[in-house]
Amino acid sequence: MVDTSTKAGGCRLDLAYCSGAERSAPDPLRMACIAIVPMVVRCGNGREVGIVARGGDNGCLLVVDDDPEISTAIADYFQRHGYDVDTAWRFSDARAFLSTNGYDALITDINLPDGSGFDLLPLCTRWTGCRAIVISGQMDGDMAARAFEMGACAALSKPLSLRALREALQPQPSPTP
């Protein structure tokens, strides 16, 4: 296994390249069948801020929820369906991810400990083609209307149907005149 460290949004990003069968050569470019495994992102003070996983073919998602069980379940589901998935558990960490990376979609809880998922929507929609989905355990008509006004393509209530969440990410056909 080869560990590398980089900086992303003021945080240390630890990545591991693993060939399945460890090789003596530390050069990840010379390893056969490289798989990139999920790694934890930590800030300078050692606080875990999320998880980064790469290797999918369907696009890159950012999942933001302060409940690690929910964000992990969503991330695992989409990874199994061929997506690269980053997770963040706080607004500030999600903002750092969005300011340094391009995403195909953002799935965010509205109520985060240090901010509102609504405030992440403008950061997502600045990327061409980025779709935003808001989720909440207290979703009501006003929240959904605000999400749509801010550019979200869906507003879903918890508990979530992962299948419905995946369907919401699919591009909708344009109406024909």
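Brief remarks on what is shown
- Rounded to the nearest whole Hz, the Karplus-based 3J(HN,Hα) values (6.51 cos²θ - 1.76 cosθ + 1.60, θ = phi - 60°) of segment 89-101 follow the sequence 10, 9, 4, 4, 6, 5, 4, 5, 4, 5, 7, 10, 10, with x at glycine and proline.
- Placing dummy labels 7 Å off each Cα toward the beta-carbon, the span from Asn58 to Ser157 is 2.5 nm.
- For the peptides 130-139, 97-106, 113-122, the ranking by packing is 130-139, 97-106, 113-122, with the highest mean count of neighbouring Cβ atoms within 10 Å listed first.
- For Asn111, the residues whose amide H sits under 5 Å from its own are Gly117, ignoring neighbours fewer than 5 places away on the same chain, with H placed 1.01 Å from N.
- Under a 5 Å amide H cut-off, with hydrogens placed 1.01 Å from N, Gly137 pairs with Lys158 among residues at least 5 apart or on other chains.
- Karplus 3J(HN,Hα) series, Hz, for segment 148-154 with 6.51 cos²θ - 1.76 cosθ + 1.60 (x for Gly, Pro): 5, 4, 8, x, 5, 8, 7
- Working note: Karplus 6.51/-1.76/1.60 with θ = phi - 60° gives segment 104-121 the couplings 7, 7, 10, 10, 10, 6, 7, 8, 10, x, 10, x, 10, x, 4, 6, 8, 4 Hz, where Gly and Pro are set to x.
Read-outs: derived from the displayed coordinates by stated rules, not from any lab. The shown structure was predicted, so the numbers you read here are calculated from the model rather than taken from an experiment. Note that we place each Cβ from the backbone using ideal geometry, even for glycine, and neighbour counts take in every protein chain shown.
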